[in-house]
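Report on one structure; see the data block that follows.
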Amino acid sequence: MIAHHPFPVFDGHNDTLLRLYQSENGRDFFQESTHGHLDLPRARRGGFAGGFFAIFTPDSTLSRTIEESLIITDTGYEVLPFPAIDPAHARKLTTSVIAQLYRLERESQGQVKVVRTTNELTHCLQHGILAIILHFEGAEAIDPHFDALELFYQAGLRSLGIVWSRPNIFGHGVPFQFPHTPDTGPGLTDSGRELVRVCNQLGIMLDLAHINEQGFFDVARLSQAPLVVTHSAAYTLCHSTRNLTDRQLDAIKASNGVVGLNFEVCNLREDAHDDSDTPLSVMVKHIDYLVYRLGIDGVAFGSDFDGGITTARELGDVAGLPHFIAALREHGYDEASLRKLTHENWLRVLRLTWKD
């Protein structure tokens, strides 16, 4: 059971549902695998109590991967921009993955639960039930009249990323580039501004990961809920478009929001190298900086497990979470702070956002 871990980890982002849907290497969530980062046996060992399980829609043409689009420059890298995708394709895939999620919940025989309220989440954390929040990484499956949003909300959607790193009818994502600021283009569209209003009304958490700087501040001006970025890091320490500037961090703090630390080493290292020999101290340094800007109540974990990322070798996968927690403890974070970083801060922001 997860409950015996002193600091159960509730995590801001993973892409495990898509990996299972694609049947990568025949993975089964209930069997330990040597592939990817997350399955139930490894979660139990690592004290992983649950998290935001993302549904991401790849390009239906599968024209190219991030690796195939990567250009190494004299000072860093850039990835060729990704085009918008077909919303009908996104809705079809999203519906299929949701169906798979509920089959997984049923097959778990009570070990896994899709949570819709903070009371359900608290119950899961207290009783060792792996808690899943249904999250969309990019709103391509949502139509401009929000009919699909209403249906997906009834199906359990409680967290929505407006964009991935590509455009859609609501806004513009940041391209992958280093060194470069997240100021990469225009902000929200009219439909995007209405999406913010409707999500506030329903109590769906808006995730500002992958959105560009102008879109971020459009949401900051419009939203009545805390600003949340599920998986990112500090731009001051790594000049990636995916990371948050001090001005963005200040806006998140002013809104009583939260940032989940991305575990992807190329968004943590000062040189942005994709190197698994990155020490855990680099992750701790980002936690320190985020705590400095946001306060201890504004920082959490947002691993991006199973998102095609390279993690620090000492962390590895979800089973290695105790190593990271031990590094934070050795660095000086006390038990109260570790409880906030590992799960309490996510609970806090959800209580302020959801319509329980």
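Once you keep just the Cα pairs under 8 angstrom separated by 6 or more residues, what percentage relative contact order results for the chain?
19
If I model a spin label as a point 7 Å beyond the Cα along the Cα-Cβ vector, how far apart are those points for His127 and Leu222 in nm?
The answer from the label model is 3.9 nm.
How big is the charge dipole of the chain about its Cα centre, in debye rounded to the nearest 20, if each Lys and Arg gets +1 on its Cβ and each Asp and Glu gets -1 on its Cβ?
I would put it at about 1060 debye.
Where the centroid of each part is defined by its Cα atoms, how far is region 218-274 from region 284-356 in Å?
Spelled out, the Cα-based centre of one part sits 13 Å from the other.
GNM, the chain, Cα, under 10 Å: largest mean-square fluctuation among Glu270, Glu213, Glu67?
Glu67
Assuming a viscosity of 1.002 mPa s and a temperature of 20 °C, what translational diffusion coefficient in µm² per second does Stokes-Einstein assign to the chain, Rh being the Kirkwood radius over Cα pairs?
Taking Rh from Cα pairs, D becomes 107 µm²/s.
So for each of 129-135, 191-197 I average, over its residues, the number of other beta carbons within 10 Å; can you give me the resulting order with the highest mean first?
Highest to lowest by the protection proxy: 129-135, 191-197.
Give the lysines reachable from Lys92 as a straight Cα distance under 25 Å; neighbours fewer than 8 places away on the same chain don't count.
Answer for Lys92, where 25 Å is the Cα cut-off: Lys113, listed by chain and number.
Would you mind getting me the FRET efficiency between Glu107 and Leu347? Use the beta-carbon distance for r and R0 = 30 Å, nearest 0.05. If you can, show how the numbers build up before the last one.
Values: r = 27 Å, r/R0 = 0.90.
Once the sixth-power term is evaluated, E becomes 0.65.
Among Thr117, Thr184, Thr34, which one moves the most in a GNM of the chain with springs linking Cα atoms closer than 10 Å?
Fluctuation is largest for Thr34.
With the crude spin-label approximation of a point 7 Å out along Cα→Cβ, what separation in nm comes out for Asp275 versus Asp190?
Result: 5.1 nm between the two label points.
Taken together, the values in this text are just the output of simple stated rules run on the coordinates, not laboratory data. Here the structure is a predicted model, which means the values were calculated and not measured. Note that each Cβ is placed from the backbone with ideal geometry, even for glycine, and that neighbours are counted across all protein chains shown.
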